[in-house]
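The structure appears below as structure tokens.
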Amino acid sequence: MGNELIGRARAGDGEAFRALTEPHRRELQVHCYRMLGSFQDAEDALQDTLLSAWRGLGGFDGRASIRTWLYRIATNRCLSALRSAARRPAKAWDIPGVEPPEPTRLGEVVWLEPFPDALLEGAFAAPLGPEARYEQSESVSLAFVTALQVLPPRQLAVLVLCDVLGFPAAEVAAMLDTTADGVKSALKRARAGLRRRPPGEPAPAPGSPAEHAIVAEFVRAWETADIEALVALLTDDVFVSMPPLPLEYEGRDVVVRLCAGLFGAGRRFDLVPTRANGQPAFGTYLRGPSGTSHGTGLYVLTLAGRRISAMTRFENGVLPAFGLPRSLSPGHRQ
């Protein structure tokens, strides 16, 4: 059946080409996202991959599977994007009437964007290879994707293909037109260079009563601007980042000062739940004088045990990707 589809696709049958590639579409999109760190850039790279595959199907020799061949194209499209892209620039603080505290440091990965959980369905259909070192949920977390972004492009590609997807070094070498020894050397350097925060307590299982309890407490504290309740939910070393703003805050005291500034002058918010990167997330809406709440961004929570160890805030331009509106009508809470 596969050879028949390939023959029909080579003859220009678009439906046959879709039948060949559609089973791999979601996992390729997630692969591009891991490499690029940007949801929009990943979507562009995926479209480039499928177009290149359509145009280059005549050169598919069948020595590798269609899946491996597509990963080769996608990886090289992402490498080209990493080498040539003008990444999204950092932005300045632009919340009127709110003065942020002095940041703990300035972050590097200002182009980071969240990935909607709704699009993860079907992304993990293929079993991981024997070389995989990361759980599927961990491999799409914001912390992991952020850590990947500071690696040199070649090391990033090798680590994702080998340690995340489990491709053998020989297959990765064929994908990248290098040797197995070259892959192993790059992988060793990538593992050594992967900068990650020390792991805390494990997060509650997604959708579990424990996760629901933390999320419900956070929503109540945020919507009522209850700083004391928020403090009780945060770990001592809680971390906040806000791409494309480079400002990063670490430690409960400075994070609480940041949140207090956001709640100042009577600012109150409504939260709409969603999920991103396998983590709880919320569209945030600032209540206006007319009763309409206007979307200000999206928060993604990282949980550790029964507390929140990190919050990542994204701009309101990401809301449509999560099916969230730009504003909420006055009656939305009824």
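So if R0 is 41 Å, what FRET efficiency would S327 and A132 give, r being the distance between their Cβ atoms, rounded to the nearest 0.05? Don't skip to the answer; put the middle values down first.
On the way: r = 43 Å, r/R0 = 1.04.
With a Förster radius of 41 Å, E is 0.45.
Let a ≥ b ≥ c be the square roots of the eigenvalues of the Cα gyration tensor of the range 81-149; is it rounded (a/c under 1.5), or, if not, prolate (a/b larger than b/c) or oblate? The partial results should precede the final answer.
Values: a/c = 2.36, a/b = 2.08, b/c = 1.14.
Here the range 81-149 falls in the prolate category.
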The range 230-334: Cα Rg divided by the 2.2 N^0.38 Å rule of thumb: 1.08
For the range 18-88, calculate the relative contact order in percent as a whole number, restricting contacts to Cα pairs under 8 Å that are 6 or more residues apart. 37 percent
With a Förster distance of 25 angstrom and the Cβ-Cβ distance between R189 and F124, calculated FRET efficiency to the nearest 0.05 equals 0.35
Taking Rh as the Kirkwood radius computed over alpha-carbon pairs of the chain and applying Stokes-Einstein at 10 °C with viscosity 1.306 mPa s, one gets a diffusion coefficient in µm² s⁻¹ of 74 µm²/s
Would you please calculate the Kirkwood hydrodynamic radius of the range 1-48 over all C-alpha pairs and express it in Å, rounded to one decimal? 11.6 Å
Where a label projected 7 Å from the Cα of V150 along Cα→Cβ would reach, residues of the range 181-208 with amide N under 17 Å: 189-200
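Give me the extension gain from R306 to R25: residue separation times 0.36 nm, minus the current Cα-Cα distance, reported in nm with one decimal.
Values: separation 281, 0.36 × 281 = 101.16 nm, distance 3.54 nm.
In short, 97.6 nm is gained.
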At what distance in nm do the modelled label points of R197 and R268 sit from each other, each positioned 7 Å from its Cα along Cα→Cβ? 3.0 nm
Can you give me the distance in nm between label points at A170 and A260, each placed 7 Å from the Cα along the Cα-to-Cβ direction? 6.3 nm
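Bear in mind these aren't lab numbers, they're just calculated from the coordinates by the rules spelled out. Note that the structure is a prediction, hence the values are computed from the model and not measured. Ideal geometry is used to build each Cβ from the backbone, glycine not excepted, and the neighbour counts take in all protein chains shown.
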